[in-house]
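A.B. asks: Mind having a look at this structure? Questions to follow.
Taken together, the values in this text are just the output of simple stated rules run on the coordinates, not laboratory data. All values reported here derive from a predicted model rather than from experimental measurement. Here the Cβ positions follow ideal geometry from the backbone for every residue, glycine too, while neighbour counts run over all protein chains shown.
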Amino acid sequence: MINDPSFGQSRELQTIFTIAGLLAREDLSLTQILQVVAEALPKGFKHEEVCQARIHFWGECFETKGFQPGPWTLRAPIVVKGETLGEVEVVYLENRSSRAPGSPFHLDQKKLVDLTAQKLGQLAEIRIAQREEEKTSAPAAPAPAAKPEWRYILDLLTEIDPALHLRIIRRLMNHATKVGVPGVQKMIAQFDPAIYAQGEEASHGSNAPLPKRDMNLVSQTFKEIEEIASIVFEDADLTALLKQWMRQDKLGFLAIATEKRDIPLVEIKEIVDRFCRETREDLPALAVPDDTNVRVALIRRFLTESLKFIGIAKAHLSVYDFGNILTHVLGPAQGNGKLGGKAAGLILAARILKRQGTGNPLIDSIRTPKTWYITSDGIYNFLRHNSLEDLWSLKFSPIEEVRQTFPYLEQVFKNSFFSPEMFQQIQFAMDDLGEGPLIVRSSSLLEDSEGMAFSGKYRSLFLANVGSREERLEALVDAVAEVYASVFGPDPIQYRAERGLLDFVEEMGIIIQKVVGHRVGKYFMPAFAGVAFSHNEFRWSPRLRREDGIVRMVMGLGTRAVDRLGSDFPFMMSPGQPNLRVNVTPEQVAHYAQTSMDVINLETGRFESLAIPDLLREAGDDYPMLEQIVSLLEDGFLKKPMRGMINAAKDDLVVTFAGLVERTEFVAQIRTVLGILQEALGTSVDLEFAHDGSNLYLLQCRPQSRMDEEGRIHMPTKVPYEDKLFSASKYITNGYVEGIRYIVYVDPEEYRTIPDLADLLAIADCVNRLNGMLPRRKFILMGPGRWGSRGDVTLGVGITYSGINNTQLLVEIARKKGNYVPDLSFGTHFFQDLVEARIHYLALYPDEEGNLFNEDFLRNSPSVLTQLLPEHIRLEKAVRVIDLEKVRPGHELDVVMDGEKDRALGFLRPIQLH
């Protein structure tokens with residue numbers, strides 16, 4: 001038997017089916033039926049709580065409890081054998097219609113009352129006739145068999161929707177065929193042209209039009225199908241099937257609408273919302289093919305055209321998920337933009353965790369921040385409104401022109417205006433998000449896709465979101481405009497040019513998100529935040545496996561985990577083997593611990609960096625999970641404090657995350673998340689997360705960028721000592737760099753002695769220009785770590801992606817002072833740039849025993865810098881460009897890196913042996 005599900009259909013039809021079932025009941029008297037029909041009628045009206053019904057029949061009254069007349073009434077007469085014997089009456093006590101002050105009723109509700117009165121009259125005729133027969137002396141004729149409910153449904157459809165009646169009968173025919181009812185296939189075959197063309201004259205061959213069939217045959221076939229079904233199937237089964245098909249037919253508008261590729265945002269939001277309001281998620285509302293088709297269409301419409309992504313997402317995202325998402329989507333009403341790559345990755349990851357983590361306490365508690373999305377075509381609306389459409393051609397300009405023009409363009413955007421339509425929607429989103437810090441994040445169409453993460457290429461801006469409503473709104477629209485401007489920056493344009501994507505129109509979606517965290521004193525921040533990767537490229541111990549993954553995290557906002565900032569160090573650990581630490585001794589742990597943190601100052605409304613001791617002295621007792629994040633340094637030993645044992649103002653505290661790793665479920669939680677997402681997405685993953693002290697929040701998920709596997713690397717064994725330039729013995733990845741002609745060497749000693757910030761910035765500009773002049777992949781960059789540092793450029797060349805994209809190898813030189821342990825760049829946006837561009841990376845520690853570093857060759861070989869860039873003559877001591885063809889004719893540089901044995905060697909090799 002097929003279960004009769006609660007009907008997820010419109011209220012009117014639901015009530016019609018209820019009444020149809022009541023009319024078929026022989027065990028109820030006419031008066032009983034009239035009472036239950038009166039009680040059922042209000043369920044057919046949207047505002048059931050203020051709706052009442054009453055039925056007058058033959059002097060009796062049947063009504064809902066507490067019935068009272070109302071100002072808005074529908075009436076229909078009950079007619080028996082041409083005589084009006086009663087009336088059906090429905091009233092609204094209040095007008096809650098959106099059409100107020102007009103009538104609160106609509107046509108379908110009027111039809112419901114009319115049809116109810118009509119069917120009650122027909123039932124009364126039958127019951128009166130039966131009663132009169134019982135009074136006669138003649139033996140009563142056998143009572144006719146009660147008509148099953150599905151017959152009533154088909155009769156009703158014949159009257160109110162003949163077209164739907166025909167569609168339902170066709171589905172009944174298909175169902176009978178599917179289950180193999182004898183004779184049905186033969187009936188259908190009557191309509192096969194190959195059958196009924198037989199016997200026709202030759203002129204009616206395969207290339208000639210076929211004659212029309214008599215529609216009476218079609219009608220007769222449909223009647224026969226009904227009769228066959230009544231014999232083969234149980235009545236309850238047929239009733240359930242008819243209700244299911246009617247529900248699916250009613251909701252078929254969604255499948256039809258989503259197939260329209262150009263349907264405006266305002267329309268598709270209304271269609272999806274209507275579907276979600278008229279159905280229930282726990283009951284199948286569409287046939288499986290229709291449901292799949294709708295989900296794929298919505299994924300393509302709002303998330304991506306990538307077939308790989310669609311293939312994964314359709315197994316996890318439902319129409320109801322989109323119903324929830326679209327209530328927080330804004331954009332041009334007539335537009336058809338998407339939400340962008342960053343939004344797509346987060347939406348899919350959150351849904352995967354929700355579906356596959358159900359019942360797993362490690363996953364059930366994971367959350368995502370409250371979020372609003374601006375569709376990617378919002379940038380078109382902004383540019384058109386400010387007559388800036390000509391900027392799309394800027395991407396085809398020389399990169400130096402782009403770099404010089406961009407600061408001006410940023411200010412143009414920040415001083416432009418949003419259209420009234422977009423401005424009002426952004427204002428609505430801000431009001432919904434409420435007061436408290438927000439982050440405005442980029443979500444371009446290509447961003448966070450496999451092999452194209454665009455890490456750090458576009459802006460992400462923190463807002464304190466405090467002050468008056470007008471001040472908060474002004475700050476928010478200013479931030480959105482600044483993110484739009486970043487589309488025209490030199491780094492993303494260079495990045496796209498290298499991947500052949502300049503001709504692709506890079507629309508920019510926007511994510512507006514609540515910042516995870518709590519207020520501590522006058523500051524706002526999460527307890528901790530960071531990034532996690534399921535694949536570990538840089539292993540600090542031979543016992544680590546690449547599949548053990550890696551996590552970088554910091555106190556406060558996660559910016560210090562994804563960017564290289566100042567002289568600070570994030571905490572690193574492998575979730576697969578959390579006991580294998582980068583730093584081991586208390587001295588190392590303390591020396592290379594995080595000392596500053598990023599916060600939002602709620603009083604000044606600014607993003608700030610604070611010394612951790614200063615913040616803890618000011619408000620340490622209020623800091624969430626402090627005992628899990630810090631350790632006490634006493635007499636050269638690190639101790640994990642217990643709750644209530646910390647005096648933040650006096651204790652010597654070191655950020656170690658020891659308690660978090662050893663005493664909480666965080667490691668198991670992050671390991672489980674990485675495993676679930678990697679398996680579901682079919683690739684290693686890169687996550688951003690934050691913790692507010694109570695719950696872990698997922699902020700971002702994308703495919704992890706990885707170097708191509710180089711296979712087994714064989715170190716050369718017969719290289720003359722005078723041809724060796726440098727060697728390394730830790731943090732090595734597999735790689736083979738060959739055929740290098742130029743070495744760009746930024747001398748660490750000279751760089752360290754430069755006092756003038758302008759000269760340090762000039763060095764970055766010089767490297768930028770060399771990157772554009774030297775043959776692509778024919779040079780390497782060597783210099784003091786940290787390259788790409790944001791903030792303190794005294795620690796390394798302040799370069800960005802467009803200044804390193806043509807090199808084949810980037811070498812960071814770390815001169816040892818004491819027990820130096822480096823801050824690996826793995827997991828930062830800068831490192832992601834290297835990986836995606838297939839640029840190899842090597843860390844050199846010249847002062848460690850056993851390592852080779854031919855500093856004399858690098859410092860004293862002739863330099864061609866002034867020939868290439870004569871205007872940078874003042875930098876010739878700090879920046880040296882060694883042309884190996886001139887220094888060692890017939891030789892070029894190779895660098896062999898064996899990640900399995902943690903060995904690397906850079907050496908000069910005769911070209912003829914290549």
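A.B. asks: Kindly provide the helix-only [θ] at 222 nm of the chain, computed as the sum of -39,500 (n - 2.57) over DSSP H runs of four or more divided by all residues, to the nearest 500 deg cm²/dmol?
C.D. replies: Calculated from helices alone, the mean residue ellipticity at 222 nm is -11500 deg cm²/dmol.
A.B. asks: Return the tail of the calculated pair distribution for the range 645-707, meaning the percent of Cα-Cα pairs more than 17 Å apart.
C.D. replies: When every Cα pair of the range 645-707 is considered, 55 percent fall beyond 17 Å.
A.B. asks: Multiply the residue separation of Glu470 and Arg367 by 0.36 nm, subtract the distance between their alpha-carbon atoms, and state the gained length in nm to one decimal. Let's see the in-between values first.
C.D. replies: Details: separation 103, 0.36 × 103 = 37.08 nm, distance 3.03 nm.
Separation in residues times 0.36 nm, less the Cα-Cα distance, equals 34.1 nm.
A.B. asks: Can you list the residues of the range 662-684 with backbone N under 13 Å from a point 7 Å past the Cα of Asn579, pointing along Cα to Cβ?
C.D. replies: 662
A.B. asks: What do you get for Rg/Rh over the range 65-133 if you use C-alpha atoms and the Kirkwood form of Rh?
C.D. replies: 1.11
A.B. asks: Report ³J(HN,Hα) in whole Hz for each residue of the range 546-555, in order, from the Karplus equation J = 6.51 cos²θ - 1.76 cosθ + 1.60 where θ = phi - 60°; Gly and Pro get x.
C.D. replies: Once rounded to whole Hz, the list reads 4, 6, 6, x, 8, 10, 10, 8, 9, 5.
A.B. asks: Amide H of Asn536 versus every other amide H placed in the peptide plane: which residues, excluding those fewer than 5 positions away on the same chain, fall under 5 Å?
C.D. replies: Placed amide hydrogens put Glu547, Asp548, Gly549 under 5 Å from Asn536.
A.B. asks: Moving to a separate point now. Place a point 7 Å from the Cα of Glu855 along the Cα-to-Cβ direction; which residues of the range 721-737 have their backbone N under 20 Å from it?
C.D. replies: The answer is 722-730.
A.B. asks: Between Glu665 and Gln118, what FRET efficiency comes out of the Förster formula 1/(1 + (r/R0)^6) with R0 = 56 Å and r the beta carbon distance, rounded to 0.05?
C.D. replies: 0.30
A.B. asks: While we're looking at this one, here's another question. With no solvent and one equal point scatterer placed on each C-alpha of the range 518-703, evaluate the Debye formula and give log10 I(q)/I(0) for q = 0.14, 0.19, 0.20 Å⁻¹, two decimals.
C.D. replies: -0.76, -1.37, -1.49
A.B. asks: Fully extended, how many nm does the chain gain between Leu502 and Asp622 (0.36 nm per residue separation, minus their Cα-Cα distance)? Present the calculation step by step, with values, prior to reporting the outcome.
C.D. replies: Numbers: separation 120, 0.36 × 120 = 43.20 nm, distance 4.96 nm.
Additional length available on full extension: 38.2 nm.
A.B. asks: Next up: Regarding the chain, what whole-number volume in Å³ per residue does the convex hull of its Cα atoms give?
C.D. replies: Taking the convex hull of the Cα positions in the chain, it is 263 Å³ per residue.
A.B. asks: Considering only Cα-Cα distances, which of the following residue pairs are longer than 26 Å: Lys395/Lys457; Lys395/Lys886; Lys243/Lys370; Lys81/Lys111; Lys111/Lys147; Lys342/Lys395?
C.D. replies: Long pairs (Cα-Cα over 26 Å): Lys395/Lys886; Lys243/Lys370.
A.B. asks: Would you mind computing Rg(Cα) / (2.2 N^0.38 Å) for the range 721-913, counting N as its residues?
C.D. replies: Numbers: Rg = 15.5 Å, N = 193, 2.2 N^0.38 = 16.3 Å.
Against the compact-globule rule of thumb, the ratio is 0.95.
A.B. asks: Please compute the contact order of the chain in relative form: average sequence separation of alpha-carbon pairs under 8 Å and at least six residues apart, divided by the residue count, as a percent.
C.D. replies: 9 percent
A.B. asks: Convert each backbone phi in the range 35-46 into a coupling constant with the Karplus relation 6.51 cos²θ - 1.76 cosθ + 1.60 (shift: θ = phi - 60°), then list the ³J(HN,Hα) values in order as whole Hz, x for Gly and Pro.
C.D. replies: 5, 6, 5, 4, 6, 7, 4, x, 5, x, 10, 4
A.B. asks: Oh, and also: Just rank Cys701, Cys276, Cys61, fewest to most, by other beta-carbon atoms within 10 angstrom.
C.D. replies: Ordered by Cβ neighbours within 10 Å, fewest first: Cys61, Cys276, Cys701.
A.B. asks: What FRET efficiency, computed as 1/(1 + (r/R0)^6) with R0 = 56 Å and r the Cβ-Cβ distance, is obtained for Val719 and Gln588, rounded to the nearest 0.05?
C.D. replies: Given R0 = 56 Å and the Cβ-Cβ separation, E is 0.95.
A.B. asks: Once amide H atoms are placed 1.01 Å from N in the peptide plane, what residues at a sequence separation of 5 or more from Leu330, or on another chain, have their amide H within under 5 Å of its amide H?
C.D. replies: For Leu330, the qualifying residues are Tyr373, Ile374, Thr375.
A.B. asks: I've got another one for you. What length, rounded to one decimal in nm, is gained on full extension from Arg127 through to Glu305, with 0.36 nm per residue of separation minus their alpha-carbon distance?
C.D. replies: Answer, rounded to one decimal: 57.9 nm.
A.B. asks: Quickly work out the Arg776-to-Glu159 label distance, labels modelled 7 Å from Cα along the C-beta direction, and quote it in nm with one decimal.
C.D. replies: Label-label distance for Glu159 and Arg776, simple model: 7.5 nm.
A.B. asks: Give the long-range amide H neighbours of Met508: residues separated by 5 or more places, or on another chain, with amide H under 5 Å away, using H modelled in the peptide plane at 1.01 Å from N.
C.D. replies: For Met508, the qualifying residues are Ile379.
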